[in-house]
Amino acid sequence: MGLFIVSVSILTDYIAEKFEKDEFLNQVAVEGELSNCKFSQGHLYFTLKDEKAELKGVMYKGRASALPFVPQDGQKVVVFGRVAVFKRRGLYQLYAEHIEPLGLGALYLKFEQTKEKLKEKGYFDEGRKKSLPRYPEKIGIITSKTGAAIRDILTTIKKRWPKATLYLVPVTVQGEEAPGQIIKAINLLNRLNLCEIIILARGGGSFEELSAFNEETVADAIYASNIPIVTGIGHETDFSIADMVADRRAPTPTGAAVEATPNLLEIWGTLEKHRINMLKALSNYLKQEQKNLEHNEKRLMRAFEKLITDKSREVAESFTRLLKSFQTFFWQEKNRLSFLREKLFLLSPKIRYRQQQEKLCELKGRLILKSQEILKSSQKDLEQYNLRLKAALKNAASHYNLVISSYEEKLKLLNPLNVLNRGYAAIFTLDGKVITSIKGLPELFKVKFSDGEALAKTLDKNIIKGDENDDL
């Protein structure tokens, strides 16, 4: 046979075809230890190994999500599937369809994993669990509508607490649909707020049959319930995750009914005992109070007689003091009335008018005399003032005449007309303004002499060179 040169892809396809045609490789069950387990986009990637070899493996998302447990490194498992070639990398690997733990069942392993997870989240803490109502009037029941569990619960409640109103929410208690129905029932009773307590129960069964009560989603619903939940699942030896999360766990459905309800007969018995004890206590109390009443009555009569005697004496003494006080008050008021009568007489308008009239006449006379004195004094002062005023006016007139004469002499000396009498003349514009410089001399102007005025005309201006501010 000759040697052929082929490409990588052709050789890989050839090998893959050999794997596909091998019936043994298309359906294998491989035992080994898991390592390098990891999820990526929902797919599970792992390595299966023993003491001498390793085998890569993958389980796609659809099958990985259906696993009843979480694969972890170090677990001993049996992987069911097929061996095929991963062409892109030229590797062969195990394509898993199902994984089963060795030694420990998958359901029990899932139970343990879920229990540990919820324990870490605090679902089992006693501090968060709600107390049960002592006398519930409305009770919700979540269980199968057929079977011994519901009969036991109804019978027990009817005997113990027949006054309660019951709300049954029937569910499937095993199988794939059970967890979803249980969750919906718990949420329904919470949403409608129909009851004060919930009984979640089912009869006995195998570990697999009770698996619905080990689901994490059911535990979440119980944990989130605002209404207290009592569980009675299976027999006394059965213990589910729902029992651990519930507010109270009973070993059986009958036990759950007992936990959820008070015993009416016991309550009546207790009440009867209390009634008898109360009657005895009340009878003893009344007898003792009767004795106390009789004793107090005697003491009260003695005290009342003494009080009457004392009060009668106090009233007599008070009456005597009141009579004396009244007499004293009467005489005081009589004297005060006499005083007021005299004072009122003195304050009579007629008397006061006469007194004021006399006083007015006296003041009038005094006023006339005082006015005459003031008038005489004012006349003397007026005469003296007139004399002084005449003298002052005379002096002022003399002084004024002297001042006037002085000013007249000064005015005569300052009169410009007197200067004109000495041969000078003053030059004015036609509208009467004085002309002091030849620069301001118009063509026509007026010349004023001491005895008259003349109209003049400028023929020529001879301006002296020099300081322009000098006068001609």
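The values are calculated or read from the model by the stated rules, or taken from the named source; none is laboratory data. Small disclaimer: the values here were computed from a predicted structure and weren't measured. Note that each Cβ is placed from the backbone with ideal geometry, even for glycine, and that neighbours are counted across all protein chains shown.
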Legend entry - Which listed residue is more than 30 Å from Phe239 (Cα to Cα) and of a type in the set (A, V, I, L, M, F, W, C), from Val78, Val70, Val58: Val58
Inset, instruction - State whether one or more residues within the range 39-53 are modelled with pLDDT of 85 or more, among the basic types (Lys, Arg) and under 22 Å from Gly90 (Cα atoms). - result: yes
Inset, instruction - Under 8 Å between Cβ atoms, at least 6 apart or on separate chains: pull out the pairs that start in the range 68-83 with a residue that is closer than 19 Å to Thr114 by Cβ and crowded, with 18+ Cβ neighbours inside 10 Å and end on any residue that is of a type in the set (Lys, Arg) and modelled with pLDDT of 90 or more. - result: none
Inset, instruction - Kindly list the number of the only condition in (1) closer than 28 Å to Tyr108 by Cβ; (2) crowded, with 23+ Cβ neighbours inside 10 Å that fails for Pro251. - result: (2)
Inset, instruction - Just give me the residues in the range 242-269 being touching a strand residue (DSSP E or B) at 6+ places or on another chain (Cβ under 8 Å), without any contact (Cβ under 8 Å) to a residue 60 or more places away in the chain and among the acidic types (Asp, Glu), in sequence order. - result: Asp243
Inset, instruction - Among the residues of the range 193-221, count how many are under 11 Å from Val245 (Cα atoms), in contact (Cβ under 8 Å) with a residue 40 or more places away in the chain and of a type in the set (A, V, I, L, M). - result: 1
Inset, instruction - Return yes when Tyr167 is over 29 Å from Pro71 (Cβ atoms), in a strand (DSSP E or B) and touching a strand residue (DSSP E or B) at 6+ places or on another chain (Cβ under 8 Å) and no when it is not. - result: yes
Inset, instruction - Assess whether Val173 counts as being in the same structural domain as Thr254 (by TED's automatic domain parsing) and either under 23 Å from Pro133 (Cα atoms) or surrounded by fewer than 19 Cβ atoms within 10 Å (Cβ to Cβ) (or both). - result: no
Inset, instruction - Scan (1) closer than 30 Å to Arg82 by Cβ; (2) in the same structural domain as Ala185 (by TED's automatic domain parsing) for the single condition His98 breaks and write down its number. - result: (2)
Legend entry - Set Thr309, Thr328, Thr237, Thr270: member being modelled with pLDDT under 90 and exposed (fewer than 10 other Cβ atoms within 10 Å of the Cβ): Thr237
Inset, instruction - Take Ala185 and decide whether it is crowded, with 18+ Cβ neighbours inside 10 Å, assigned by TED's automatic domain parsing to the domain that holds Ile153 and part of a helix (DSSP H, G or I). - result: yes
Legend entry - Count of residues meeting criterion [at pLDDT below 75 and of a type in the set (Ser, Thr, Tyr)] in the range 331-361: 1
Legend entry - Hey, Ala212 in the same structural domain as Leu118 (by TED's automatic domain parsing) and modelled with pLDDT of 95 or more or not: no
Inset, instruction - State all residues of the range 84-134 that are out of contact with any Phe, Trp or Tyr (no Cβ under 6 Å at 6 or more places or on another chain), farther than 24 Å from Met244 by Cα and in contact (Cβ under 8 Å) with a residue 60 or more places away in the chain; if no residue qualifies, say none. - result: Lys87, Gly90, Tyr92, Leu94, Leu102
Inset, instruction - Might you let me know whether the range 58-67 holds any residue that is over 24 Å from Asn214 (Cβ atoms), part of a strand (DSSP E or B) and touching a Lys or Arg at 6+ places or on another chain (Cβ under 9 Å)? - result: no
